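Just so it is clear, none of the values below were taken in a lab; they were calculated from the coordinates. Just so it is clear, the model here is predicted, and its values are computed rather than measured. Cβ placement follows ideal geometry from the backbone for every residue including glycine, while neighbour counts extend to all protein chains displayed.
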Amino acid sequence: LIDPKTLVVLITGATSGFGEALARRYVAEGAKVVATGRRVERLDALKAELGDALHVAALDVRDLPATEALLEGLPEAFRNVNVVIANAGLALGLGPAQTADIADWHTMIDTNVTGFVNTVRASLPGLIARDGGHIVTIGSVAGDYPYPGGNVYAGTKAFVKQFALALRSDVQGKKVRVTNIEPGMVETEFSLTRFKGDVDKASNVYAGMEGMTADDVAETIFWTTTLPRHVNINRLQVMPTQQAFSAFDVNRG
Ligand code: NDP
Ligand code: 8X3
């Protein structure tokens, strides 16, 4: 297994949910972590909690020059990033395509696709130059299984999955591992964002069932990144036990 103390982990979207849990998990295991996101006050709180092993930086992943500048300007102790967790992302709305807000669609595409590829592209040369590393991408079960209202969100996560698989081919021989994590329902701020701050709608998503926690996902990711270097988990789909599949919807009208 890889000693987590040798890891320098860059996390996008570390101000809540998976990213925040990941920052805590890696620091607890002795890794160094670069935690990024837009909400600076959340980053400052994380820094106060986790101390010297954590470097925080405000970053909107949609801004490619800022992403490149962040990687180029990291303090010495955090410069040799060898794990990149391209986690920042969001869903906005759950309405049908015919009435969905096109601005929400653009924001999801800008963040989950453009911002996502910005993160990967900006960090790849460093990983390759350092003779190895690991890129973890965050897909979703929504990237495989269609559901009503998933439309653009689902499309962005299908993109993430296929891009991650193609990336494996591109970096073949470069000692860079690529893993797409594909979670089902995890209670984070995800639904609060999707339903634009409507607490009731968001909590109803997880009512009466035991969803996964951000810590569960962090555990899964930590495992994939500490496996021996000759082992690459390509895709890992993970769901709550109480979430499964449903039948096709047939209109007999
Ligand atoms: P949260 O809403 O709790 O966290 C989302 C994170 O993304 C926040 O830290 C947010 O930070 C960040 N973010 C959003 N937009 C941007 C941006 N433009 N630039 C930088 N950071 C941004 O949700 P989760 O932790 O659940 O989501 C993390 C990832 O997991 C997402 O990609 C999501 O699609 C995916 N996912 C979630 C599942 C779930 O059920 N929760 C299941 C499957 C996948 P800030 O606003 O401060 O910038
Ligand atoms: C988040 C999981 O099922 O709400 O990607 O799309 S789901």
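Things to note:
- As a rough guide to protection, the peptides 28-39, 93-104 ranked by mean Cβ packing within 10 Å, highest first, stand as 28-39, 93-104.
- Based on DSSP H segments of at least four residues, each scored -39500 (n - 2.57), the chain has a per-residue ellipticity at 222 nm of -11500 deg cm²/dmol.
- Look at ILE85, ILE109 and count the other Cβ atoms within 10 Å of each Cβ; fewest to most, that gives ILE109, ILE85.
- Cα-based shape type of segment 1-114, given that a ≥ b ≥ c are square roots of the gyration tensor eigenvalues and the cut on a/c is 1.5: prolate
- Rg/Rh for segment 154-250, where both radii come from Cα atoms and Rh is the Kirkwood radius: 1.04
- Amide proton proximity set for GLU189, modelled H, under 5 Å, gap of 5+: GLY17
- Residues whose placed amide H lies under 5 Å from that of ILE85, excluding near-sequence neighbours: LEU10, ILE11, THR12, VAL136
- Residues LYS157, LYS201, ranked from the fewest to the most other C-beta atoms within 10 Å, line up as LYS201, LYS157.
- Positive minus negative residues near VAL141 (Lys, Arg vs Asp, Glu; Cβ under 13 Å): +1
- Quarter of the Cα convex hull surface for the chain, i.e. its orientation-mean projected area (nm²): 14.5
- Label point of GLN242 set 7 angstrom out along Cα-Cβ; within segment 175-189, amide nitrogens under 16 Å from it belong to 184-188.
- For segment 199-214, 3J(HN,Hα) per residue [Karplus equation, 6.51 cos²θ - 1.76 cosθ + 1.60, θ = phi - 60°, Hz, x = Gly/Pro]: 5, 5, 4, 5, 6, 4, 4, 10, 5, x, 9, 9, x, 7, 10, 4
- Hz values of 3J(HN,Hα) by residue in segment 71-84 - Karplus curve (6.51, -1.76, 1.60), Gly and Pro given as x: 5, 6, x, 5, x, 2, 5, 10, 5, 8, 4, 10, 9, 10
- What the Cβ-Cβ distance of LEU165 and LYS201 gives, at R0 = 30 Å and to the nearest 0.05, is a FRET efficiency of 0.35.
- Per-residue ³J(HN,Hα) for segment 239-253, Karplus 6.51 cos²θ - 1.76 cosθ + 1.60, θ = phi - 60°, Hz, x for Gly and Pro: 10, x, 4, 8, 10, 9, 9, 10, 6, 5, 9, 9, 8, 9, x
- Debye, to nearest 20: dipole size of the chain, +1 on Lys, Arg Cβ, -1 on Asp, Glu Cβ: 700
- From least to most packed, judged by other beta carbons within 10 angstrom and beginning with the fewest, SER191, SER123, SER169, SER203 follow the order SER169, SER203, SER191, SER123.
- The label-point distance for ASN232 and GLU210, in a model that sets each label 7 Å from Cα toward Cβ, rounds to 3.6 nm.
- Over segment 19-82, the reciprocal of the mean inverse Cα-Cα separation, the Kirkwood hydrodynamic radius, stands at 12.0 Å.
- Signed unit charges on C-beta, dipole axis of the chain, positive-most listed residue LEU71, VAL33, GLY126: GLY126
- Considering only PRO240, ASN204, ILE138, the residue lying farthest towards the positive end of the dipole of the chain is ILE138, judged by Cα position with unit charges set on Cβ.
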